[in-house]
Amino acid sequence: MHQPVDSSFKSSVSRSWASADAGRRRRLLILAAILGAAAVAAWLIFGGGAEAPAENPDAGRPSITVIVPGTTQVADSVTAVGSIAARRDMPVGVQGEGGAIVAVLVDAGDYVRKGQVLARIDRSVLEQEVSQLQASVTRARADAALAQSELDRAQSLVARGFISKADIERRTATRDGANAAVGVAAAQLRESQARLGRLDIRAPEAGLVLERNVEPGQVVSSGSPAVFRMAQDGAMEMRALVAEQDLAGITTGQSATVQMVGSQTAYAGRVWMVEPVINPQTRQGLVRIALSGDRALRPGGFASGKIEVGKAERPLLPESAVMGDAESSFVFVVAKDGTVERRDVKVGAVSSAGVAISSGLSGKEQVVQSAGAFLNPGEKVSPVLHKPQ
């Protein structure tokens with residue numbers, strides 16, 4: 001048997017269901033608001049944001065400081081490499097018939113005067129020949145003196161009729177033959193003495209001995225290789241290899257600076273010859289730079305040089321803007337659309353003011369000042385023009 005439901009209980013149940021419905025509606029409204037906000041955000045990011053680059057094309061690009069160098073009057077120079085050599089390289093060999101070396105009087109690195117004896121060859125045989133010829137000259141002179149005396153006595157007897165004119169003529173001929181024999185003997189003696197003197201190997205000019213290629217006991221002859229090499233007056237030069245396109249600006253008399261590899265010393269020089277022939281394989285010419293006879297300048301050593309060829313208008317960049325690799329020196333320039341481009345350049349004079357660019361730039365480009373190591377060709381950047389202080 002069912003009990004009747006209390007009216008108050010019914011009222012309480014109705015209020016509970018109404019409260020639960022209100023909570024669900026609030027949760028649904030909150031969820032709808034969240035989904036709406038997410039939809040708006042997604043539209044802004046993926047839909048409405050697509051039009052942002054059109055309004056600001058530089059958005060997202062890194063800002064890079066650039067400079068427009070223009071041109072500055074600088075001392076224009078040509079850089080070259082080459083080797084040190086004697087300006088006048090003189091090989092010294094054997095002049096006579098040769099023989100065994102008995103003494104070597106100098107060594108490589110010695111300075112010698114003109115005519116100084118460098119080495120001596122055994123002369124014992126020629127000395128005996130000279131002694132023999134000296135005796136021949138003495139005998140010939142004695143024969144000539146006797147012939148002259150007999151002629152004089154004969155001429156004193158002609159007037160008395162004791163000597164005929166024919167006899168006088170014979171005695172005169174004898175006297176003349178004796179005098180001629182003296183001349184022949186004297187010439188033979190001088191020849192032998194000259195040959196004896198040529199057994200001394202002498203310096204043809206004053207200068208520096210570069211090589212000694214002979215030792216005592218060695219047998220040499222006129223066909224032997226040079227026994228010494230000398231640098232006339234000790235004067236040195238740099239034989240610089242210069243690119244064909246740079247030769248046109250180089251003339252004799254221009255000043256140059258030469259530096260040996262591994263040395264911080266700079267040697268002043270002057271161009272004294274530009275050889276007329278260009279190597280068809282390397283497309284380089286030879287420029288000879290005269291240097292003083294410093295002992296630190298060793299023939300055969302590798303050196304670099306800078307030849308001053310006058311003044312020129314060149315772009316001048318800070319050292320941070322110029323980079324290099326195994327191929328060449330280069331800079332990064334920024335095109336009008338913000339694209340980074342690599343530009344190969346040729347470096348000229350370097351000074352405290354900066355690096356002069358001989359070729360590759362006109363001076364009107366926007367050149368990356370210092371961030372080139374972090375850039376790649378083709379990258380997009382926002383250039384910021386550097387304003388000098």
Given +1 on the Cβ of Lys and Arg, -1 on the Cβ of Asp and Glu, and no further charges, what dipole in debye does the stretch 103-259 carry about its Cα centre, rounded to the nearest 20? 940 debye
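Going highest first, how would you order 277-286, 256-265 by mean Cβ packing within 10 Å?
The densest-packed peptide leads the list: 256-265, 277-286.
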If you project the alpha carbons of the stretch 105-169 onto the principal axes, what extent comes out on each, in Å, largest first? 79, 25, 14
How much accessible area does SER329 have with a 1.4 Å probe, in Å² rounded to the nearest 10? 40 Å²
Percent of accessible area on the stretch 271-389 owned by carbon and sulfur, 1.4 Å probe? 53 percent
If Lys and Arg each add +1 and Asp and Glu each add -1, what is the summed charge of the other residues whose beta carbon sits under 11 Å from the beta carbon of GLU308? +2
Cut-off 15 Å, label 7 Å out along Cα→Cβ of ARG139, residues of the stretch 186-224 by amide N: 186, 188-189
Check: C-alpha center the stretch 57-101 vs C-alpha center the stretch 326-389, spacing in Å is 24 Å
Farthest towards the positive end of the dipole of the stretch 211-251, among GLN232, VAL242, SER221 and with Cβ unit charges of +1 on Lys and Arg and -1 on Asp and Glu, lies the Cα of SER221
Just grab the label-to-label distance for ASN279 and GLU319, each label 7 Å out from Cα along the Cβ direction, in nm (one decimal). 3.1 nm
The stretch 170-241, Kirkwood Rh and Cα Rg, ratio Rg/Rh at 1.32
In Å², and per residue, what accessible area does the stretch 188-313 have when probed at 1.4 Å with the other protein chains present? 53 Å²
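Taking 0.36 nm per intervening residue step and subtracting the Cα-Cα distance, what contour gain separates SER370 from VAL350 on full extension?
Full extension of this stretch gives 5.5 nm more.
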Taking a 1.4 Å probe, which of MET90, MET236 shows the most accessible area, and what order do the others take after it? MET90, MET236
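For SER131, SER192, give the ranking by accessible area with the largest first, probe 1.4 Å. Spell out each step's value before the answer.
Working: SER131 60, SER192 0 Å².
Descending accessible area places them as SER131, SER192.
For a Förster distance of 30 Å, can you work out the FRET efficiency between the beta-carbons of VAL125 and ALA226, rounded to the nearest 0.05?
Values: r = 24 Å, r/R0 = 0.82.
Efficiency, rounded to the nearest 0.05: 0.75.
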Enter the accessible area per residue of the stretch 343-389 (Å², integer; probe 1.4 Å; all protein chains in place). 59 Å²
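Rounded to the nearest percent, how much of the accessible area of the stretch 138-260 (1.4 Å probe, protein heavy atoms only) is carbon and sulfur?
Carbon plus sulfur share of accessible area: 51 percent.
As an exercise, identify the trypsin sites (Lys or Arg not before Pro) in the stretch 303-364 lying in DSSP coil whose Cβ has no more than 14 other Cβ atoms within 10 Å.
Answer in residue order: LYS336, LYS364.
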Protein-only accessible surface order, largest first, of PHE330, PHE302, PHE162 at 1.4 Å: PHE162, PHE302, PHE330
Using alpha-carbon positions, the gyration tensor of the stretch 285-389 gives root eigenvalues a ≥ b ≥ c; with a/c under 1.5 called rounded, otherwise prolate if a/b exceeds b/c, else oblate, the class is prolate
Provide the solvent-accessible area of ARG270, counting protein heavy atoms only and rolling a 1.4 Å probe, rounded to the nearest 10 Å². 130 Å²
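The values are calculated or read from the model by the stated rules, or taken from the named source; none is laboratory data. Treat the numbers as computed from the prediction; the structure is a model and nothing was measured. Note that each Cβ is placed from the backbone with ideal geometry, even for glycine, and that neighbours are counted across all protein chains shown. Surface areas here come from the heavy atoms of the whole protein model, side chains and all, with no ligands, DNA or RNA. Shrake-Rupley method; radii C 1.70, N 1.55, O 1.52, S 1.80 Å.
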